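Comments concern the structure below.
The values are calculated or read from the model by the stated rules, or taken from the named source; none is laboratory data. What you see is a predicted model; the values in this text were computed from it and never measured. Heads up, the Cβs are rebuilt from the backbone with ideal geometry, glycines too, and the neighbour counts pull from every protein chain shown. Heads up: the accessible areas ignore ligands, DNA and RNA and are worked out on the full protein's heavy atoms, side chains in. Shrake-Rupley method; radii C 1.70, N 1.55, O 1.52, S 1.80 Å.
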Amino acid sequence: MPKKITPSQYNQMVRRHNAKVNRVNRANKAAIDKYNRDVDRHNRRVVEDRKRAVREYNRNVQSAVTKYNQAVRAHNVQVKRDAAQRKRQIEQLLRAASPRYVEVTRSTAELTQRFEAIDSASGLSSGIASLLELSEREADNSVSVAQALESDEPVAPDEMPDTGILEYLAGFSQDLCDRWKGAMFALNPANTDAARHFCTSVREIFTEILERWASNADVLEDDPDCDRTPNGTPSRRAKIRYLLRQKGADSPEMLGFVEQDIDDVLGLFKVFNEATHGAAGKHSFTKLQLIRQRVEGGIMFLAAVAL
């Protein structure tokens with residue numbers, strides 16, 4: 001027969017049971033709260049680490065471009081050329097251009113004309129103004145290379161300070177940075193494979209810059225009706241226009257100059273390959289150094305456009 005209990009005893013049993021349940025609930029809540037705090041701390045740490053890595057990457061990239069801009073300004077102080085001097089140089093080049101280098105000379109003339117169009121354009125935006133000095137240096141470098149190719153004894157290029165190109169390329173990948181180092185090592189008159197090695201590396205660098213800062217998805221989102229390649233992807237012109245638009249510098253003059261500057265650099269590769277393929281030493285070390293300096297300047301100019 002079940003034992004009878006009084007209401008007082010029953011209430012006491014209920015209180016003990018509830019107290020036990022409350023202890024279990026408090027322990028469970030404490031465990032859940034601790035787990036949530038641990039998860040929150042972990043997530044905050046992951047986010048902060050990611051933000052720190054992004055900040056460091058951006059600082060390195062900006063440092064590289066700033067260093068290049070400083071090198072450009074220091075260089076321009078020493079070798080400043082006005083528009084009249086450039087015009088005389090181009091006229092002399094066009095008169096003296098040999099059939100072998102006439103395409104290089106014409107490309108230089110067009111690049112110079114495009115720079116003058118930027119320089120004379122009224123109401124320059126702040127974005128265009130920030131690129132004007134760099135654009136002038138690109139035009140001057142193109143003239144220097146064209147003159148050197150036509151000369152039997154070209155003037156050795158001025159030693160430029162560290163442009164920061166290795167820091168910039170390292171921000172993409174160590175492989176790209178190593179390719180540039182290898183291209184520099186290979187660039188000598190005795191190396192019959194210098195042209196292929198150097199030109200391949202440089203083309204990859206130009207492609208990587210445009211892909212990194214102007215991805216197909218971003219360009220199409222910005223302008224679904226942009227110029228496209230036969231494969232349906234945004235063209236190089238569309239990518240450059242996208243980059244310039246981000247800087248508030250997408251004038252027809254600046255777009256034309258950036259396109260021509262890349263064409264001018266890549267156009268040297270035909271001359272370079274013809275001169276080195278199968279017969280080493282057709283270009284002197286001085287000419288190779290001028291070509292290297294021209295290409296390095298073109299890479300960092302596109303980097304300045306992209307950032």
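Counting only lysines at least 8 places from Lys287 when in the same chain, those with an alpha carbon closer than 29 Å to its own are Lys67, Lys80, Lys87, Lys181, Lys270. Take 16-28, 128-140 and order them by the average number of nearby Cβ atoms within 10 Å per residue, most first; the result is 128-140, 16-28.
How would you classify region 202-246 from its alpha-carbon gyration tensor, with a ≥ b ≥ c the square roots of the eigenvalues: rounded for a/c under 1.5, else prolate if a/b is greater than b/c, otherwise oblate? It is oblate, given that a/c is not under 1.5 and a/b is not larger than b/c. Computed 3J(HN,Hα) for region 164-180, one whole-Hz value per residue from the Karplus formula 6.51 cos²θ - 1.76 cosθ + 1.60 where θ = phi - 60°, is x, 5, 5, 4, 5, 5, 4, x, 7, 6, 5, 4, 5, 4, 5, 5, 5, glycine and proline marked x.
Placing dummy labels 7 Å off each Cα toward the beta-carbon, the span from His197 to Glu133 is 3.5 nm.
Ranked by solvent-accessible area (1.4 Å probe, protein heavy atoms only, all chains present), the residues Asp178, Asp225 order from largest to smallest as Asp225, Asp178. Taking amide hydrogens as placed 1.01 Å from N in the peptide plane, the amide H of Arg228 sits under 5 Å from those of Ser235, each at least 5 positions away in sequence or on another chain.
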